[in-house]
Every structure is written in C-alpha cells, then in structure tokens.
Amino acid sequence: MLPISLEFFPPKTPEGADKLRAVRQQLYALKPEFCSVTYGAGGSTHAGTFTTVSEILAEGVDAASHFSCIGATRARVRDQLAQLQAMGVKRLVALRGDLPSGYGIGGEFQYASELVEFIRAETGRAFRIEVACYPETHPQAKSPQADLQAFVAKVRAGADAAITQYFYNADSYFRFVDEARKLGADVPVVPGIMPITNSSQLLRFSDACGAEVPRWVRLRLQAFGDDAASIKAFGHEVVASLCERLVRGGAPALHFYTMNQAQATSALCGALK
Ligand code: FAD
C-alpha cells in the first residue's frame with residue numbers, strides 16, 4: 001500500500017482541539033505513516049504544536065513536528081530540540097518559515113539548510129528530517145535553478161526526505177524530481193496534496209505561496225459561485241486524478257494538507273483505494 005502522511009495545524013481554541021481529535025480518529029482509518037503538525041513562524045504556535053504532537057504520539061501514531069528557524073536563536077532551537085527529544089519525537093519537518101511583516105529580524109538562521117545542518121550537528125541522527133521543496137519554484141527564489149540548488153543544499157546538509165508545496169500540475173513535480181536527482185539529491189520527494197474544498201480560500205492561499213491553480217480549474221471554481229457541493233465534487237475529481245497520475249508516475253508516498261478536515265482527504269484516499 002502506498003504510504004500516506006497527514007498534516008494538521010495546531011488548534012487555537014479548546015473547541016478546535018476537540019474537533020481535531022475527532023478528525024484524527026476518522027483519519028487514522030487511513031493508517032498514515034505519520035501525522036505532522038505545523039509550527040507558526042517566529043515560534044508563535046510552539047506550545048500548541050508540541051501539545052498536538054504529544055497527543056498524536058499518545059494515540060499511538062508517529063508524529064512529526066514542523067520546526068521553523070526564522071527569527072530564532074541557536075539557544076532557543078537547542079532548547080526546543082531537547083524538549084522534542086524528551087517528548088519522544090523522532091521526526092521533524094525543518095523549515096525556514098515566513099515572518100509576519102513587521103516582525104523584527106534578530107534570528108541566527110537565514111535559510112532552512114542552516115537549520116538542518118544545526119540539527120544534525122546538535123543531535124546527530126536522533127531525528128528523521130524532512131524539508132520543503134517547490135516544484136513550481138518558491139516565490140522568493142532568484143530563479144528555478146537557484147531554488148533547486150537551495151533544495152540540494154538542504155539534502156547535502158542532512159535532510160532524509162522532502163515534502164513538496166502543493167501543485168496541480170503533475171509535470172512540474174516529475175521534472176523537479178528528475179532535475180534534483182541529476183544534481184545528486186535522490187532522497188524521496190513526497191508530493192504535498194491540497195484537497196480542493198473551498199474556492200476563495202484556495203485562490204488566496206495559492207497567490208500567497210506561489211502555487212499555481214491552472215486557469216481551467218480557476219475559471220470553473222469561480223463559475224460555481226457559492227455552490228459548495230459542486231466545488232467539492234469538481235475539486236475531488238481534479239485532485240483524485242492528480243493523485244492517480246503521481247502514483248502511476250512513481251511518487252513514493254502522498255502527504256495530505258488536511259486543513260484539519262477529514263472528509264476530503266478520506267474521499268481522495270478512498271478513490272485511490
Ligand atoms: P528555504 O529552503 O530556506 O528557502 C527559502 C528561500 O530562500 C527560497 O526562495 C530559496 O530558493 C532561497 N534560498 C535558500 N537557500 C539560499 C541560499 N543559500 N542563497 C540564496 N537563496 C537561498 N511555514 C511555517 O511557518 N510553518 C510550517 O509549519 C510550515 N510547513 C510547511 C510544510 C511544507 C511541506 C511546505 C512546502 C512549506 C511549509 N511552510 C511552513 C512554508 C515555508 O516556511 C515557506 O515556504 C518559507 O517561505 C520557505 O521555507 P523553506 O524551509 O522552504 O526555506
């Protein structure tokens with residue numbers, strides 16, 4: 001069976017935490033290899049992230065903590081790595097993160113590759129490290145080639161695997177993996193899958209993170225207006241056929257951005273059987 005992993009964000013309220021517990025129980029039926037929990041840049045969600053990671057481990061499922069370094073000092077990172085080790089965490093998704101505008105600079109890390117290098121130097125092989133990569137190019141990269149080199153640098157620094165930013169164009173993924181391999185970065189590159197359930201939210205997110213929603217998909221989503229059922233049905237078809245193509249083309253696993261919802265991810269995995 002193809003391995004899958006599931007991503008959650010830390011809930012902000014006790015009600016959100018209860019809802020997420022119920023969502024996780026539904027999604028555990030998919031037998032994820034691990035679940036990951038995002039980490040607000042600047043450490044803003046650190047307590048919520050670590051609590052959610054602890055809950056997942058206590059539920060008997062492997063958990064990865066996302067960990068972003070922008071704005072962080074080495075001392076703070078060292079301290080939080082020790083906390084994670086004490087919690088029994090064995091997987092990290094190591095990221096640079098994005099500071100909210102207006103947040104002061106003062107951190108001791110500039111790029112995720114420096115974080116990966118630091119984690120390896122401090123903790124050896126204590127953590128399996130995943131990093132982010134961008135088949136359609138990170139929005140701040142100087143060029144696609146420079147971004148590819150930045151990914152290769154993260155692998156050379158000690159990353160074990162990568163999870164991609166979401167995309168809806170399978171060719172961008174296959175090309176990225178081929179090019180990375182030619183440069184010697186042959187770790188597993190797992191496609192990040194964003195279910196389509198809400199048109200305005202998807203279009204807003206995609207503009208911010210540089211993921212491209214193809215024109216034909218965007219136009220159809222806009223034409224559905226407030227018809228949520230049609231958006232979900234169409235979104236399911238588009239993303240299910242993307243997943244099928246990725247799996248047929250050799251993707252080693254799929255990572256689902258669940259948005260703390262169970263239905264869309266369950267339906268996509270059901271369609272993949
Ligand atoms: P980097 O790999 O450091 O790259 C950032 C930019 O710098 C790129 O444009 C790259 O080309 C460039 N660059 C890298 N190295 C160099 C160099 N040596 N010289 C010049 N340029 C360089 N954000 C969060 O805040 N919390 C999360 O939990 C989170 N989870 C994520 C999970 C996944 C799977 C993905 C794909 C993204 C996630 N993000 C998260 C978003 C991520 O933090 C942003 O995309 C951020 O802008 C870049 O992070 P990175 O780790 O890819 O950075």
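The values are calculated or read from the model by the stated rules, or taken from the named source; none is laboratory data. Keep in mind that what you see is a predicted model, and the values were worked out from it rather than measured. As a convention, Cβ positions derive from the backbone with ideal geometry for all residues, glycine included, and neighbour counts pool all protein chains shown.
Looking only at the range 98-111, how many residues end up being on the phi > 0 side of the Ramachandran plot and either at pLDDT 95 or above or not in a loop (DSSP other than H, G, I, E, B) (or both)?
Residues in the range 98-111 being on the phi > 0 side of the Ramachandran plot and either at pLDDT 95 or above or not in a loop (DSSP other than H, G, I, E, B) (or both): 0 in total.
Quickly run through the range 41-66 and pick out the residues that are small (Gly, Ala, Ser) and closer than 11 Å to residue 9 by Cα.
Matches in the range 41-66: 48, 65.
Just to verify a result, which residue in the range 166-205, among those that are of a type in the set (Gly, Ala, Ser) and at pLDDT below 95, is farthest from residue 245 (Cα to Cα)?
Only one residue fits best here, namely 200.
Out of all the residues in the range 228-247, is one or more part of a loop (DSSP other than H, G, I, E, B), surrounded by 12 or more Cβ atoms within 10 Å (Cβ to Cβ), of a type in the set (Val, Ile, Thr) and in contact with a Phe, Trp or Tyr (Cβ under 8 Å, 6 or more places away or on another chain)?
No, because not a single residue in the range 228-247 is part of a loop (DSSP other than H, G, I, E, B), surrounded by 12 or more Cβ atoms within 10 Å (Cβ to Cβ), of a type in the set (Val, Ile, Thr) and in contact with a Phe, Trp or Tyr (Cβ under 8 Å, 6 or more places away or on another chain).
Which residue is surrounded by the fewest Cβ atoms within 10 Å (Cβ to Cβ), if the candidates are limited to the range 174-193 and must be among the charged types (D, E, K, R) and without any contact (Cβ under 8 Å) to a residue 40 or more places away in the chain?
Per the criteria, the residue is 178.
Restricting the range 134-172 to residues that are farther than 20 Å from residue 203 by Cα and part of a strand (DSSP E or B), which is nearest to the ligand (Cβ to nearest atom)?
Restricting to residues being farther than 20 Å from residue 203 by Cα and part of a strand (DSSP E or B), the top hit is 163.
What pairs can you find where one residue is in the range 162-173 and farther than 25 Å from residue 116 by Cα, the other is of a type in the set (A, V, I, L, M, F, W, C) and not in a loop (DSSP other than H, G, I, E, B), and their Cβ atoms are less than 8 Å apart, with a gap of 6+ or different chains?
168/217; 168/238; 168/239; 168/242; 170/242; 170/246
Tell me yes or no: at least one residue of the range 120-127 is farther than 14 Å from residue 95 by Cα, more than 10 Å from the ligand (Cβ to nearest atom) and either among the polar types (S, T, N, Q) or at pLDDT below 95 (or both).
Yes, some residue in the range 120-127 is farther than 14 Å from residue 95 by Cα, more than 10 Å from the ligand (Cβ to nearest atom) and either among the polar types (S, T, N, Q) or at pLDDT below 95 (or both).
Determine whether residue 54 is over 29 Å from residue 172 (Cβ atoms) and either part of a loop (DSSP other than H, G, I, E, B) or within 19 Å of the chain's Cα centre (by Cα) (or both).
Considered against the rule, which asks whether it is over 29 Å from residue 172 (Cβ atoms) and either part of a loop (DSSP other than H, G, I, E, B) or within 19 Å of the chain's Cα centre (by Cα) (or both), residue 54 comes out as yes.
Go through the range 43-87 residue by residue and tally those that are in contact with a Leu (Cβ under 6 Å, 6 or more places away or on another chain) and more than 24 Å from residue 19 (Cβ to Cβ).
Residues flagged as in contact with a Leu (Cβ under 6 Å, 6 or more places away or on another chain) and more than 24 Å from residue 19 (Cβ to Cβ) within the range 43-87 amount to 5.
What's the number of the condition residue 114 fails, among (1) in a helix (DSSP H, G or I); (2) more than 13 Å from the ligand (Cβ to nearest atom)?
Checking residue 114 against (1) in a helix (DSSP H, G or I); (2) more than 13 Å from the ligand (Cβ to nearest atom), the one that fails is (2).
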